[in-house]
Amino acid sequence: MSLNSTPQSVRVHIGLFGKRNAGKSSIINAITNQSAAIVSDIAGTTTDPVFRPMEILPIGPCVLIDTAGLDDVGELGELRIGKSLDVLEKTDIALLVVDCQIGISQEDLSLIEKFNDKNIPHILILNKIDTIKNQSEILNLTKNKVKCPVVSVSSTDKIGIENLKNEIIKVLPKDSTEFKLVSDLIEPNDLVVLVVPIDKAAPKGRLILPQQQVIRDILDNGAISIVTKEDSLKETLSNLGKKPKLVITDSQVFPQVDKDTPKDIPLTSFSILFARQKGDLKELINGAYALENLKDGDKILMAEGCTHHRQTDDIGTVKIPNMIRKKTGKNITFEFSSGVSFTEDINKYALVVHCGACMMNRAGMLSRIEKAKSFNVPIVNYGVLIAYVKGILERSLELFNY
């Protein structure tokens, strides 16, 4: 994705599900008014889930997720179905596409149950409505079988597509716009100081995504962002002329920033802001305290939501494991995962330590937290853990009334 595009992690994720040849890819093309997805009469054209970032009016920036048919066959088919169902973990809105010539099946109804179990807003789309004469009858019969909105469309003739977009707006989760990074903590014209270390892991010539997103949120709300490195924070604060409303730091330099920031200035980290926006901050705080219960031989999963080139002093594979060993004095085994997949064998871990989830949407991060909770496995993110280990968690949470 272009650096000028809306980050995928803050886009509404709309997943399209259904049987092979129901017309999922055709629906995507009709919604976007372009040939974004490959369409064929051959069943099973879409294999792995395909994520398509789009800007669609009046929905706004979103990701349309084209999935494989849920009636795929054979060994490979089962794997494809599994990958399609995995998409539910990051889906904000689900669109169930049904061929109106075939009608709704028991498999479709079972999928709707999964949507309900995961509290995913969903719409049933009766596609290929142009191929039948008794349109009203089929629509009413379908509405009697389900409790979700039902929309009839023809992806070929673009019939009902605007109505579908309007229904998507109606079921759009409030969460997608409700959870803020910093906008609820600041007022117009407030000064906000961001502390950004430039180390070997910093990308050349630009700030990392969490820093970009926080700056944008500050500017969108009429406040003033001031960016400095940790070794010039003292001088920056003394030259401001007035007290900043907030200091936000990279977790890795938390101790120095804590020391150099007067106690009457609120202080937190980028990672804690993202924990609040994308996850369950209270649960992640509980995960930090679980550090005290670790024993020799325990396993910890270090989980990241994306893949990236690792430096020799990588925070997830080197720095945090070393912090935990030093803090606990225990002989701990660390295992690592990264990318879209998350462990299926979570109950073997005593703790999950997760990244800040800047590349994940809220639904995806909450799904991982809920999975850990369901097995009574504590989970914490990098920033909360670092603040706890360094003894400054309490201060970093003061402005959230924790």
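Structure notes:
- DSSP finds beta bridges in the chain, and of those with both partners inside it, around 15 percent are antiparallel.
- For the chain, convex hull volume per residue from C-alpha positions, Å³: 153
- Rounded to 5, percent antiparallel among DSSP beta bridges of the range 9-150: 30
- Positive dipole terminus of the range 8-177, leading residue within Leu126, Asn166, Gly82 (C-beta point charges): Asn166
- The range 8-177 shape via C-alpha gyration tensor axes, a/c threshold 1.5: rounded
- Structure note, pairs Lys180/Lys278; Lys327/Lys390; Lys83/Lys114; Lys170/Lys371; Lys133/Lys170; Lys83/Lys348: Cα-Cα distances above 18 angstrom occur for Lys170/Lys371; Lys133/Lys170; Lys83/Lys348.
- Distance cut-off 19 Å, percentage of C-alpha pairs in the range 285-359 lying past it: 34
- Summed side-chain charge close to Ala350 - residues other than Ala350 whose Cβ falls under 15 Å, Lys, Arg +1, Asp, Glu -1: +2
- Candidates Thr261, Leu281, Ala357 compared by Cα position along the dipole of the chain: farthest toward the positive end lies Thr261, with charges placed on Cβ.
- Shape analysis of the range 191-273 places it in the oblate category; the axes a ≥ b ≥ c from the Cα gyration tensor give an a/c of at least 1.5, with a/b not above b/c.
- Net charge dipole, the chain: roughly 620 debye, given to the nearest 20, about the Cα centre with Cβ charges of +1 for Lys and Arg and -1 for Asp and Glu.
- Charge dipole of the chain about the Cα centre (unit charges at C-beta), most positive-ward option of Gln213, Ser238, Asn29: Ser238
- Packing around the peptides 351-359, 384-392, taken as the average count of other Cβ atoms within 10 Å per residue, puts them in this order, highest first: 351-359, 384-392.
- Its DSSP H runs of at least 4 residues, each contributing -39,500 (n - 2.57), put the calculated 222 nm mean residue ellipticity of the chain at -10000 deg cm²/dmol, to the nearest 500.
- Orientation-averaged projected area, Cα convex hull of the range 88-132 (nm²): 3.1
Since every read-out is calculated from the coordinates, none of them should be taken as a lab result. All values derive from a computational prediction rather than experimental measurement. All Cβ positions, even for glycine, are placed from backbone atoms using ideal geometry, and neighbour counts span all protein chains on display.
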